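S.K.: This is the structure, below, for whatever I ask next.
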Amino acid sequence: MSKEVIAIEGGHLLNGTVRISGAKNATVALIPSIVLAEEPVEISGVPEISDVDALADLLRELNCEVSYSQGVLKVNPANIQNTPLVSEAVEKLRASYYFMGALLGRYKDVTIKMPGGCPLGERPIDLHLKGFEALGATIDWDEEKNIYHLYADELIGTQIYLDFASVGATINIMLTAVRAKGRTIIENAAKEPEIIDVANLLNKMGARIRGVGTDTIVIDGVDHMYGTIHEVIPDRIEAGTFLIIAAAVGNKMLIQNIISQHLDALLSKLREFGVAFEIIGDSIVVYGKLQEPRAMRVTTQVYPGFATDLQQPLTSLLTCGYGRSKITETIYEERFNHCAELVKMGADIIVDWEDASCVIHGPTQLHGARVKATDLRCGAALIIAGLMAEGVTEIENVHHIDRGYDNIDQKLNAMGARITRYLVDD
Ligand code: EPU
């Protein structure tokens, strides 16, 4: 058996311009939201990633007409059927669980297999389920097949306090509550920009949601939702990944289509690390490679804190910092699988699994090696490390990277990177 690898010849400085695509984590919630509409919905700025293909397949399973070209997704849900979602496509990505909230909202009945997603340790959905139950749903779970059946005679607005400000639970509860009778109040709601984007789409479709972006979201249920057009916000995690790349191996890089406020935490940390950059409208120019970057401490937090999705890419950058850096993870305590891969490339990193942290001693000169992307952002970390390394790095499990980064090889090659893909023997 052969498998594809991404091969990176390291050591080249990057110059030029890159345009950030639409946000993956908004898109994967916007697409399932469409089933709430009774008329066609068009979304532009949709990134070319395999998660979008999987969600489009699920819409087709529900008998929606779907077309996707040049970043524009057109969906006509006029003949939608509430078919059980139990095929393989549902298991390809975790975000397919947004169909749970959306179909429950629209039909008060949904059958769906529990989805997959990146292996980041335990990822329960108890908060989603508690929310659905509070709105009046009964939940049957076939443990053996891992299939959920949720149903209700009536969904009734209520007050829901989230024990943790979960992105997924906030969105999923919103998707059901928009069609519940009366008012739902979500307290301790998550505040990530992707949640605001989803609420904006839902409001354009006729929902009545206020307070997104704060701790308290108020939703007044409606009886019908309509067609609309919407553009996805820029991907702050892809932007952050390119900012880190620019800090690591950039000569002068212009990164376009950024909402810089979404990246405040990363930008502060990059400034602390000694990176020179300038924000110009919706672009950021990053100047030059660092001379003597300083080791630093980073702790992941819910938005607007430092994003967990960027701590893995940041780990690669910190290998060139002088001194002892430390990263502490508070969102996914087991999100450190990238560290063992970076060690294969010569990094000096020790993971303390009990403490959910890792310590990086630097600077170290990374070298090429055969490594594995254990999850999406591990893949991003390895691409960055490959660009920084001497020699050739081969990254296996490229499907993780293709789930979430839109044409990353082409974008980097256009700025002077040397990245190819080929098949190798197992
Ligand atoms: N959690 C629970 N119970 C729940 C839901 C969450 O205990 O019912 C826990 C999780 O296990 C985790 C923490 O709460 O420890 C955070 O989970 P959250 O629900 O906030 O995250 P998510 O919705 O599963 C989204 C992104 C992730 C991103 C996190 C945090 C999508 C599809 N995924 O996940 O993105 O890391 O928010 O910002 O939007 C990625 O892009 O690589 C990625 C994993």
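The values are calculated or read from the model by the stated rules, or taken from the named source; none is laboratory data. The structure presented is a predicted model; accordingly, all values stated were derived computationally and were not measured. Because the Cβ atoms are built from the backbone with ideal geometry, glycine has one as well, and the counts that use them run over all protein chains shown. These area figures cover heavy atoms from the full protein model, side chains too; ligands, DNA and RNA do not enter into them. Shrake-Rupley method; radii C 1.70, N 1.55, O 1.52, S 1.80 Å.
S.K.: Pull up all non-local amide H partners of L85: gap of 5 or more, or a different chain, and H-to-H distance under 5 Å with H placed in the peptide plane.
M.R.: T111, I112, K113
S.K.: Students often check this: by mean Cβ neighbours within 10 Å, which of 170-178, 46-54 ranks highest, and how do the rest follow?
M.R.: Peptide ranking by packing, descending: 170-178, 46-54.
S.K.: At R0 = 25 Å, how high is the FRET efficiency between S67 and A414 if r is their beta carbon distance? Nearest 0.05 is fine.
M.R.: Computed FRET efficiency for S67 and A414 comes out at 0.35.
S.K.: Just in region 339-426: which GluC sites (Glu not before Pro) are loop by DSSP and have at most 15 other Cβ atoms within 10 Å?
M.R.: Sparse-neighbourhood loop GluC sites (Glu not before Pro): E354.
S.K.: When the solvent-accessible surface of protein heavy atoms is calculated with a 1.4 angstrom probe, in what order do V298, V86 fall, highest first?
M.R.: Of V298, V86, the descending order of accessible area is V86, V298.
S.K.: I need the phi-derived Karplus couplings for region 209-216: 6.51 cos²θ - 1.76 cosθ + 1.60, θ = phi - 60°, integer Hz, Gly and Pro marked x.
M.R.: Running phi through 6.51 cos²θ - 1.76 cosθ + 1.60 with θ = phi - 60° gives 10, 10, x, 4, x, 10, 5, 10 Hz.
S.K.: Using the basic label-point model (7 angstrom from Cα toward the beta carbon), what is the Y107 to I280 distance in nanometres?
M.R.: So the two model labels end up 5.2 nm from each other.
S.K.: Can you list residues whose amide H is under 5 Å from E333's amide H, if they're 5+ apart or on another chain and H is modeled 1.01 Å from N?
M.R.: Distant-sequence amide H within range of E333: zero hits.
S.K.: Using label points projected 7 Å from each Cα along Cα→Cβ, tell me how many nm separate R19 and D220, to one decimal.
M.R.: Rounded to a tenth, the inter-label distance reads 4.0 nm.
S.K.: Follow-up. When we measure straight from the Cα of K191, which aspartates and glutamates land under 13 angstrom away, once same-chain ones fewer than 8 places off are left out?
M.R.: By straight Cα distance, K191 reaches D215.
S.K.: What list of ³J(HN,Hα) values in whole Hz, one per residue of region 243-255 in order, does the Karplus curve 6.51 cos²θ - 1.76 cosθ + 1.60 (θ = phi - 60°) give from phi, with Gly and Pro shown as x?
M.R.: The phi angles translate into 5, 5, 4, 4, 5, 7, 9, x, 9, 8, 10, 9, 10 Hz.
S.K.: Okay, next question. Can you list the HN-Hα couplings for region 70-79, worked out from phi with the Karplus curve (6.51, -1.76, 1.60; θ = phi - 60°), rounded to whole Hz and with x for Gly and Pro?
M.R.: Each residue's phi maps through the Karplus curve to give 6, x, 10, 9, 10, 10, 10, x, 4, 9 Hz.
S.K.: Ok, one more. May I ask you to order 136-145, 222-231 by the average number of other C-beta atoms within 10 Å around their residues, highest value first?
M.R.: Packing order, densest peptide first, comes out as 222-231, 136-145.
S.K.: Moving to a separate point now. Which residues' amide hydrogens lie under 5 Å from the amide hydrogen of A369, considering only partners 5 or more residues apart or on another chain, with H built in the peptide plane?
M.R.: So A369 has HN proximity to T393, E394.
S.K.: Something else about it: Any idea what angle helix 308-318 forms with the longest principal axis of the chain, computed on alpha-carbon atoms, 0 to 90 degrees, nearest 10?
M.R.: Roughly 0 degrees, rounded to the nearest 10.
S.K.: Turning to a different aspect of this structure: How much accessible area does E9 have with a 1.4 Å probe, in Å² rounded to the nearest 10?
M.R.: 80 Å²
S.K.: Shifting gears a bit: With label points built 7 Å along Cα→Cβ from the Cα atoms of E231 and I259, find their separation and express it in nm.
M.R.: It works out to 1.3 nm between the two label points.
S.K.: What is the helix-to-structure angle for 167-177, meaning the angle in degrees between its Cα long axis and the longest Cα principal axis of the chain, kept from 0 to 90 and rounded to the nearest 10?
M.R.: Here the helix axis deviates by roughly 20 degrees.
S.K.: Between E354 and Q159, what FRET efficiency follows from the Cβ-Cβ distance if R0 is 35 Å, with the result rounded to 0.05?
M.R.: E between E354 and Q159, to the nearest 0.05, is 0.40.
S.K.: Quick one: helix 24-33 against the long Cα principal axis of the chain, what's the angle to the nearest 10°, folded into 0 to 90?
M.R.: The answer is roughly 10 degrees.
S.K.: Where does each of 263-273, 312-322 land if you order them by average Cβ count within 10 Å, highest first?
M.R.: Per-residue mean Cβ counts within 10 Å order the peptides as 312-322, 263-273.
S.K.: Return the calculated 222 nm mean residue ellipticity for the chain, to the nearest 500 deg cm²/dmol, obtained by summing -39500 (n - 2.57) across DSSP H runs with n ≥ 4 and dividing by the residue count.
M.R.: -9500 deg cm²/dmol
S.K.: Next up: What percent antiparallel are the DSSP beta bridges of the chain, to the nearest 5?
M.R.: Antiparallel bridges: around 70 percent, rounded to the nearest 5.
S.K.: Same structure again: What shape does region 24-231 have by the C-alpha gyration tensor, where a ≥ b ≥ c are the square roots of the eigenvalues, rounded means a/c under 1.5, and otherwise prolate means a/b greater than b/c and oblate the rest?
M.R.: rounded
S.K.: Further question: Once each part is reduced to its C-alpha centroid, what is the distance from region 1-59 to region 340-417 in angstrom?
M.R.: The distance from the Cα centre of region 1-59 to that of region 340-417 comes to 20 Å.
S.K.: Taking the chain as the region of interest, what is the percent of Cα-Cα pairs per 20 angstrom bin, listed from the shortest bin to the one with the maximum distance?
M.R.: Result, from short to long distances: 27, 55, 18, 0 percent.
S.K.: Follow-up. Summing +1 for each Lys or Arg and -1 for each Asp or Glu, what net charge is found among the other residues whose Cβ lies under 13 Å from the Cβ of T176?
M.R.: With Lys, Arg at +1 and Asp, Glu at -1, the net is +2.
S.K.: What net charge is computed for the residues neighbouring L93, neighbours being all others with C-beta under 9 Å from the C-beta of L93, Lys and Arg scored +1, Asp and Glu -1?
M.R.: Its environment carries a net charge of +1.
S.K.: So how exposed is T299, as accessible area in Å² (1.4 Å probe, rounded to 10)?
M.R.: The accessible area of T299 comes to roughly 60 Å².
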